[in-house]
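Since the structure comes first, as structure tokens, the remarks are kept for the end.
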Amino acid sequence: MSRVFITVLMLFAFASRALSQEKDSRQTELEKSVAQQKNQKAQPEDNDDSKPRPLTLDELPGDWTAVKIGESASPKTKIKVKKDETGKRLVLEGKYKDWKQEGEVADGKVIFTRKPSADEMSEKAPKWARDDVYSQGELEWKLELKGERRDKEAHLDGKWFPGQLQWRTAKGAHPDLALPGDRQAQYLGPGKPLDVEFKKPTPKFFLYAKCVRGLQSIEELYVGVPTLIEAQFDPEYDADEYPVTLQSGEQELKLVAHKIEKKGIICRTDLFIPGGT
């Protein structure tokens, strides 16, 4: 009986030692897995804003608010830049919606042009002179802009060329009532440019992971964990969507944040799953 008892004790001790070693082994594997997961945390794209950089074709679209037009501040003037149906060229909409891109976008630089109607030209010229120049089809407005990211904000600065026309009448003729044979008008060129400055609303970003009990605020992305990005604006953002570009491992994710309340202060992306390296 004593031999059996001793044998059982020896077997129990051996089994306990084996279980302990297996537990230690599992714990070690778990720690390795956790460490590996930590090493594979996806990081948001780290944009260095210490130096200005030109905006890309994908960064130029959006809503822009005027900071300055000419010598005057224009905080209420807004424009929208968006891609056309081809997705390769840009159009600009403001008070007038028919600004078209001229040439190609390069180094953040883009040119927009439009032909104003006679009624849209400067009222310093009489109506007949504006009508004559419009019929010639030469006068155009031109916006030469450069998009740049600096000081953690998106800027769109440049010059607006309003076009210049010249008119004259016969000696003694009334400038507004001159007969066709006593008047002459012509387009002289782009005219004296006005400086323009626009800024794009820049949000603060927050990360949320989807958990069993709902959304949990996180400081960084984790591989394989469903996540969304929240963009908070101050002042409010007018558009219904805001593009977000994110670097996750070797992946570049292009997401869209949608407005979730009427004021336009908060936008959120759909859930996405960050990938590894």
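The values are calculated or read from the model by the stated rules, or taken from the named source; none is laboratory data. No experiment lies behind these values; they were computed from the predicted model shown. Reconstructed Cβ throughout: ideal geometry from the backbone, glycine too, with neighbour counts over all protein chains shown.
Here are some notes:
- Residue pairs meeting the criteria (Cβ under 9 Å; at least 6 apart or on separate chains; first under 10 Å from Pro54 (Cβ atoms) and touching a residue at least 12 places away in the same chain (Cβ under 8 Å), in region 90-110; second outside any loop (DSSP other than H, G, I, E, B) and of a type in the set (Gly, Ala, Ser)): Val105/Gly147; Gly108/Gly147; Lys109/Gly103; Lys109/Gly147; Lys109/Gly158
- Take the conditions (1) under 30 Å from Ala170 (Cα atoms); (2) of a type in the set (Gly, Ala, Ser); (3) modelled with pLDDT under 90; Ser72 misses just one of them, which is (1).
- Counted residues, region 118-172 - those being hydrophobic (A, V, I, L, M, F, W, C) and closer than 30 Å to Leu60 by Cβ: 9
- Residue in region 143-155 that is surrounded by fewer than 18 Cβ atoms within 10 Å (Cβ to Cβ) and among the aliphatic types (A, V, I, L, M) present: no
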